[in-house]
Amino acid sequence: MLTLSAVCKRYPTGDLALTDIDLALPRGQVMALIGPSGAGKSTLIRCVNRLVEPTTGSIRLNDTEITRLSSGKLREARRTMAMIFQEYALVDRLTVMENVLSGRLGYVGFWRSFLRRYPQETVTEAFRLLERVGLAHALDKRADALSGGQRQRVGIARALLQSPKLLLVDEPTASLDPKTSRQIMRLIRELCAERELAAIINIHDVALARQFADRIVGLRAGEIVFDGKPGELTSEI
Ligand code: ADP
Ligand code: ADP
């Protein structure tokens with residue numbers, strides 16, 4: 001479903017962050033991307049939706065050559081690749097529901113005035129998602145009144161409201177305690193299974209990667225040094 005071919009990224013500073021990455025991700029697969037800080041994990045995830053422009057190589061999502069899209073078409077394609085962030089990237093002064101709806105709207109500045117004219121089915125879908133992630137009771141709470149785990153649940157619901165085919169997840173548990181981290185990873189895992197969603201999860205914690213991913217890819221200095229099932233990972237990356 002997602003294919004990276006010979007992807008390289010060299011930043012203008014000269015840092016070679018990715019070297020010749022070949023990777024194919026089938027539908028529904030949850031892949032954990034592990035490796036030490038600076039290995040290129042964030043760069044790889046951001047190349048897929050072109051928040052970072054790959055220097056060379058090609059990235060395809062189904063029939064779409066992501067690396068060739070004009071900016072208008074890229075905006076469309078990004079809807080199918082929702083992102084979940086380490087620091088949640090919520091708008092603090094907006095409510096839980098408003099934050100989730102902003103995922104579909106695509107930008108948040110004006111959305112409040114849009115709300116009354118918002119399609120009822122989108123609001124209903126947002127509500128269902130909030131029920132699914134366990135936040136139906138907190139719709140009207142402001143985002144800054146939530147715990148870290150709750151904030152990440154909002155981030156997950158917001159991503160799913162985009163009806164993506166692929167989730168790009170960047171260190172989703174880095175700011176959470178161990179128990180909450182496991183809950184969040186389990187939730188992402190279950191939602192991917194329910195919706196046949198593929199995911200790339202950039203994660204520091206190897207134990208979590210082992211527990212919740214179908215596949216582990218290890219990066220070191222911009223190169224793939226491991227690619228296999230969690231059970232096959234024996235050494236440190
Ligand atoms: P991570 O926890 O993923 O390793 P970093 O702390 O390395 O994140 O990077 C944080 C931010 O700084 C990112 O947006 C990254 O793109 C940027 N960054 C990292 N290294 C450099 C660099 N050498 N020059 C400029 N920006 C950098
Ligand atoms: P990871 O997510 O595995 O920590 P990154 O993708 O953040 O790794 O970084 C990979 C390499 O690219 C590092 O050497 C980092 O310093 C460099 N890098 C990341 N972002 C930038 C940036 N915006 N500008 C320059 N160098 C960067």
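The values are calculated or read from the model by the stated rules, or taken from the named source; none is laboratory data. From a predicted model like this one, the values you see are computed outputs, not experimental measurements. All Cβ positions, even for glycine, are placed from backbone atoms using ideal geometry, and neighbour counts span all protein chains on display. The protein model used for the area step is the full one, side chains on, heavy atoms only, and it has no ligands, DNA or RNA in it. Shrake-Rupley method; radii C 1.70, N 1.55, O 1.52, S 1.80 Å.
Ignoring solvent entirely, what values of log10 I(q)/I(0) come out of the Debye formula for the chain at 0.07, 0.11, 0.14, 0.18 Å⁻¹ when each Cα is a single scatterer?
Values, matching the q order: -0.22, -0.56, -0.90, -1.39.
In whole percent, how big is the carbon plus sulfur part of the accessible area of the range 153-222, probe 1.4 Å, protein atoms only?
46 percent
Kindly report the accessible area of the chain per residue (heavy atoms of protein chains, probe 1.4 Å, no ligands, DNA or RNA), in Å².
I get 48 Å² per residue for this part.
Which order do you get for Cys8, Cys192 if you rank them by accessible area with a 1.4 Å probe, largest at the top?
The ordering from most to least exposed comes out as Cys8, Cys192.
Full-extension gain between Phe127 and Ala207, please, as 0.36 nm times their residue separation minus the C-alpha to C-alpha distance.
Roughly 25.5 nm would be gained on extension.
How many nm separate the modelled label positions at Arg79 and Thr19, each set 7 Å beyond the Cα in the direction of the Cβ?
Going from the Arg79 label point to the Thr19 one covers 4.0 nm.
Show me, for the range 217-223, the HN-Hα J-couplings you get by feeding each phi into the Karplus relation (A = 6.51, B = -1.76, C = 1.60, θ = phi - 60°), rounded to Hz, glycine and proline as x.
For the range 217-223, the Karplus-derived couplings read 10, x, 10, 8, 6, x, 10 Hz, x marking Gly and Pro.
How high is the relative contact order of the chain, given as a whole-number percent (alpha carbon pairs under 8 Å, six or more residues apart)?
Taking the mean separation of contacting Cα pairs over the length of the chain, I get 29 percent.
Label-point separation (nm) for Arg195 and Arg68, each offset 7 Å from Cα along Cα-to-Cβ?
Each label point lies 7 Å from its Cα, and together they span 2.9 nm.
Are there trypsin sites (Lys or Arg not before Pro) in the range 26-97 that DSSP puts in a loop and that have at most 15 other Cβ atoms within 10 Å, and which ones?
Arg27, Arg79, Arg93
Hey, got a sec? Which GluC sites (Glu not before Pro) in the range 177-237 land in a DSSP loop and have at most 11 other Cβ atoms within 10 Å?
Passing sites in the range 177-237 are Glu196, Glu236.
Need one number for the range 57-104: average projected area of the convex hull over its C-alpha atoms, nm².
That works out to 4.7 nm².
Only sites in a loop by DSSP and with at most 16 other Cβ atoms within 10 Å count here; which trypsin sites (Lys or Arg not before Pro) in the range 121-179 make the cut?
When the trypsin sites (Lys or Arg not before Pro) of the range 121-179 are filtered for loop state and at most 16 Cβ neighbours within 10 Å, Lys141 remain.
With all protein chains present and a 1.4 Å probe, how do His204, His137 order by accessible area, largest first?
From most accessible down to least: His137, His204.
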